[in-house]
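Participant: Before I ask anything, here is the structure I am working with.
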Amino acid sequence: MKKLFNISLLLFAAVLLFSCRSGNDDIPEDIHEHEEIGKVVVTLTNKANGEKQTVNVIDGQTVDHLHLNQGATYAVDVDFQIKHDDHYHSAEEIIEEKDMHFVVYKFSGADIKVKRAADDIVRTDGKKLGLKTEWTVATAAAGKVNITLVHGPTSVNDNSPSADNQLGSTVGGESDVDLFIDFH
């Protein structure tokens with residue numbers, strides 16, 4: 001009789017435990033999508049003649065480079081993209097969560113003056129995000145541009161480039177994207 005009582009008690013506890021759970025409670029819902037940026041499209045438009053050039057960086061790899069002419073000024077658009085199924089789409093979250101993102105540019109190998117464009121996205125702190133910039137090539141030479149998308153900085157500085165050809169700086173945060181593109 002004692003054995004039957006213990007089995008009944010065990011069955012009652014199991015029924016009680018599983019009856020209070022819904023089928024969707026097995027896996028907690030992730031509130032934030034953790035999609036990674038897999039492609040970056042950098043488009044330069046020569047402001048004097050409208051000539052465009054585009055470089056695609058996929059998973060940090062690029063096979064092409066930029067052609068920069070001395071004395072030229074370029075309107076530059078950077079589009080960070082996420083892969084979904086078999087295609088890429090713009091990471092609209094960067095603009096939607098503009099206060100959580102900031103783009104920093106650093107040039108090596110040439111004297112390039114860069115500034116954030118007038119039509120760039122403005123964060124609520126009044127700083128420009130950095131998706132649209134303007135590059136003026138003072139001296140043409142071979143080099144690299146380092147483009148970094150910082151997520152979650154505690155503070156940002158979007159001032160004119162520093163002496164080492166860097167536009168923007170952050171305190172805190174982490175790099176969502178840190179890529180290099182060759183130019184000549």
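The values are calculated or read from the model by the stated rules, or taken from the named source; none is laboratory data. Computed from a prediction, not measured in an experiment: that's the story for all the values here. Glycine also receives a Cβ, built like all others from the backbone with ideal geometry; neighbour counts cover every protein chain displayed.
Participant: Determine whether Val150 is in contact (Cβ under 8 Å) with a residue 24 or more places away in the chain and under 13 Å from the mean Cα position of the chain (by Cα).
Facilitator: Taking the combined requirement at face value, the residue satisfies it.
Participant: Among what's in region 120-138 and is in contact with a Gly (Cβ under 9 Å, 6 or more places away or on another chain) and of a type in the set (Val, Ile, Thr), pick the residue that is nearest to Gln70 (Cα to Cα).
Facilitator: Within region 120-138, the match that is nearest to Gln70 (Cα to Cα) is Val137.
Residues are listed down the side, and each one gets a yes or a no for (1) loosely packed, with under 15 Cβ neighbours inside 10 Å; (2) under 19 Å from Phe180 (Cα atoms):
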site	(1), (2)
Ala72	no, no
Val78	no, yes
Asp86	yes, no
Gly109	no, yes
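Participant: From (1) of a type in the set (Ser, Thr, Tyr); (2) buried (at least 17 other Cβ atoms within 10 Å of the Cβ); (3) out of contact with any Ser or Thr (no Cβ under 8 Å at 6 or more places or on another chain), pick out the condition that doesn't hold for Thr148.
Facilitator: (3)
Participant: Which one of Asp85, Asp64 is out of contact with any helix residue (DSSP H, G or I) (no Cβ under 7 Å at 6 or more places or on another chain), more than 22 Å from Tyr105 (Cα to Cα) and at pLDDT below 95?
Facilitator: Residue meeting the stated conditions: Asp85.
Participant: Right, next: Would you point out the residue of region 117-135, among those that are surrounded by fewer than 19 Cβ atoms within 10 Å (Cβ to Cβ) and in contact (Cβ under 8 Å) with a residue 40 or more places away in the chain, that is farthest from Ile94 (Cα to Cα)?
Facilitator: My answer is Glu134.
Participant: May I pose another question? Against the condition modelled with pLDDT of 90 or more, under 19 Å from the mean Cα position of the chain (by Cα) and within 27 Å of Ala138 (Cα to Cα), how does Asn69 come out, does it pass?
Facilitator: For Asn69, the condition - modelled with pLDDT of 90 or more, under 19 Å from the mean Cα position of the chain (by Cα) and within 27 Å of Ala138 (Cα to Cα) - is not met.
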